[in-house]
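Taking it in order: structure first as structure tokens, then the write-up.
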Amino acid sequence: MRLNCRDETLELMSDPLLWEDISFAEPLPPPGVWRPSPPLRFDISAARIDANEKVYYDELRREGAKEEEARAVAGGAAHGLSGVALWPRLVLDPKGDIVVESRGPRGEGQKSHWQTVLALLAPRPVPVAAGSVLQLEATVKLGAAVDVPPVYELQARVA
């Protein structure tokens, strides 16, 4: 699913992590399977859940929801993990002085023409709580030619 980079219905539950680092100045990697090692570990943050609940609550109230309904829906949304958000960060010079951030450094939404991709992990949001951990195993299958798109696979486990 692709979302506008300023969409506030997409709120992060943990700090962002670097998944893939591509350098266009280097030769293409060989075809085959690539896996980040070890699996990515996202620690679900109480502070982020609380902040997300407030964002959802305020938006629901602004749209006319009654207080009790807004609290219930906001609490459920803030504790429901839908997927993993992916977005580019472009470093345009070797020193790292010129950087294009499609989201903020902590993953916050901001104006950008780069969309955020939300890789859904389950048909319905998975309930999580502060202190839960999402472990993400990613696999990228690279083709032998530049016109063969890579295939990304994600497997997640919540503990």
What list of ³J(HN,Hα) values in whole Hz, one per residue of the stretch 22-32 in order, does the Karplus curve 6.51 cos²θ - 1.76 cosθ + 1.60 (θ = phi - 60°) give from phi, with Gly and Pro shown as x?
10, 10, 7, 8, 9, x, 4, x, x, x, x
If you average the C-alpha positions of the stretch 23-44 and of the stretch 51-89 separately, how far apart do those two centres end up, in angstrom?
32
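Can you sort M13, M1 by 1.4 Å-probe accessible area, starting with the largest?
Details: M13 20, M1 120 Å².
Ranked from most to least accessible, the order is M1, M13.
Give the carbon-plus-sulfur fraction of the accessible surface of the stretch 28-110 in %, rounded to a whole number; probe 1.4 Å, heavy atoms of protein chains only.
Working: 3020 of 5410 Å².
Within the stretch 28-110, the accessible surface is 56 percent carbon and sulfur.
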Kindly write out, for the stretch 109-122 in residue order, the coupling ³J(HN,Hα) from the Karplus curve 6.51 cos²θ - 1.76 cosθ + 1.60 (θ = phi - 60°), rounded to whole Hz, with x marking Gly and Pro.
x, 7, 5, 6, 8, 7, 7, 9, 9, 9, 7, 5, 9, 7
Helix 46-62 against the longest principal axis of the chain: what's the angle in degrees, Cα atoms only, rounded to the nearest 10?
60
For the chain, find the longest principal axis of its Cα atoms and tell me its angle to the long axis of helix 67-78, 0 to 90°, nearest 10.
20
Expected vector for the stretch 128-144, Karplus 3J(HN,Hα) from phi with 6.51, -1.76, 1.60 and θ = phi - 60°, integer Hz, x for Gly and Pro, equals 9, 9, 4, x, 5, 10, 9, 9, 10, 9, 10, 10, 10, 9, 9, x, 7
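Name the shape class, rounded, prolate or oblate, that the alpha-carbon gyration tensor gives for the stretch 22-137, where a ≥ b ≥ c are the square roots of its eigenvalues, rounded holds for a/c under 1.5, and otherwise prolate holds if a/b is larger than b/c and oblate otherwise.
Working: a/c = 2.70, a/b = 1.73, b/c = 1.56.
Taking the square roots of the gyration eigenvalues as a ≥ b ≥ c, the stretch 22-137 is prolate.
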Does the stretch 1-89 classify as rounded, prolate or oblate by the C-alpha gyration tensor (a ≥ b ≥ c root eigenvalues; a/c under 1.5 gives rounded; else a/b over b/c gives prolate, otherwise oblate)?
prolate
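The values are calculated or read from the model by the stated rules, or taken from the named source; none is laboratory data. All values reported here derive from a predicted model rather than from experimental measurement. When the accessible area is computed, the model is the full protein with side chains, heavy atoms only, and any ligands, DNA or RNA have been set aside. Shrake-Rupley method; radii C 1.70, N 1.55, O 1.52, S 1.80 Å.
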